[in-house]
Structure formats: C-alpha cells, structure tokens
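Everything on this sheet refers to the single structure shown next.
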Amino acid sequence: MEMQGAAAGAGATTPAPVGARVLVIDDSNTIRRSAEIFLRQGGHEVVLAEDGFDALAKVNDHAPELIFCDILMPRLDGYQTCAIIKRNPRFAHVPVIMLSSKDGLFDKARGRMVGSEDYLTKPFTKEQLLKAVESHRRAAA
C-alpha cells in the first residue's frame, strides 16, 4: 500500500515551470545578492555583474532573457550600459529594467530614451522583482 502511494506521488510530480535567465547589474554587493536570492526563490536562473563592462561580457556569454541594471555605477553607468546592449541586434529585444535609489521623473525618462522597458526603485521587494520578471516575460513572448 505504501509502495503504491509513493509511486502515485512520483507520477504526479510535474516539473516546475522553467524560469527566466536574468542578469542583475549593480555595483552594490548587497543589492546583487538580494536580487539573486529573490529571483532564485522565484525559480529563475541568475547571472550577476558588478558594473557595465562586466555586464557586456556576461550578456554575450549568457544571453539573458531579462536584465536589471543599476543606473549609478563606476566606469560605465546604467544608461550607457543599456544603450550599448540595445544597439546590438542580438540583444535589442531583451527587456532592460533600470534600478535606482531615486524615483525621479528625469531618470525614468532618460532610461526610456536609451531603451529600457521599466524602472524599479531601490530598495525593491521580492514581490516587485518577481512581478517585473513575469510581466516582461509575458510582454516579450
């Protein structure tokens, strides 16, 4: 009897839906790790980059389905990073969501000008991050 229950349980197990491959670009280790934990809990694969230059190599190597990009970073800021990604025909369709501690209209407008699809204010919650991934995956599909 126990054997049948175990077999029925095993047969009823369906694989979890496949998550998105998400690139998180932020010079703050705390923000990168928080985003990584939240996204992994949501079933997504996470690639981390600590600045724009690091991100450009990882975009090419990992071909993410969605990118979260901090605005204020050393060397190459988020606007420059987003613009470079969007100029590449291979990645122009990949949604980029800007991350900023400022909730300014100017920052949002500038993000749109370089091709970002959305804007999240830090600190973000797990729900905000996962909701952004789901809405942009549906829009891209």
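The values are calculated or read from the model by the stated rules, or taken from the named source; none is laboratory data. Everything numeric here is computed off the predicted structure, so don't read it as measured data. We place every Cβ from the backbone using ideal geometry, glycine too, and count neighbours over all the protein chains shown. Areas reflect the complete protein model, heavy atoms only, side chains present, ligands, DNA and RNA absent. Shrake-Rupley method; radii C 1.70, N 1.55, O 1.52, S 1.80 Å.
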request  = On the protein heavy atoms, probe 1.4 angstrom, tell me the percent of accessible surface of the chain carried by carbon and sulfur.
outcome  = 57 percent
request  = Determine which residues of the range 38-66 fall in the zone a paramagnetic label at residue 86 would reach in this model, i.e. backbone nitrogen under 16 Å from the point 7 Å along Cα→Cβ.
outcome  = 66
ask   = Which whole-Hz couplings ³J(HN,Hα) result when phi for each residue of the range 124-129 is put into the Karplus expression 6.51 cos²θ - 1.76 cosθ + 1.60, θ = phi - 60°, listed in order with x for Gly and Pro?
value = 9, 9, 4, 4, 4, 5
ask   = What full-extension length gain, to one decimal in nm, is calculated for residue 139 and residue 57 as 0.36 nm per residue of separation minus the Cα-Cα distance?
value = 27.0 nm
ask   = Per residue, how much accessible area does the chain show when a 1.4 Å probe rolls over the protein heavy atoms, in square angstrom?
value = 56 Å²
query = At 4 °C and 1.567 mPa s, what whole-number value in µm²/s does Stokes-Einstein give for the translational diffusion of the chain, with Rh from the Kirkwood sum over Cα pairs?
reply = 82 µm²/s
ask   = Rounded to the nearest 0.05, what FRET efficiency do residue 121 and residue 37 have when you use their Cβ-Cβ distance and R0 = 25 Å?
value = 0.85
task = Whenever you get a sec, line up 106, 124 from highest to lowest accessible area (probe 1.4 Å, protein heavy atoms).
result = 106, 124
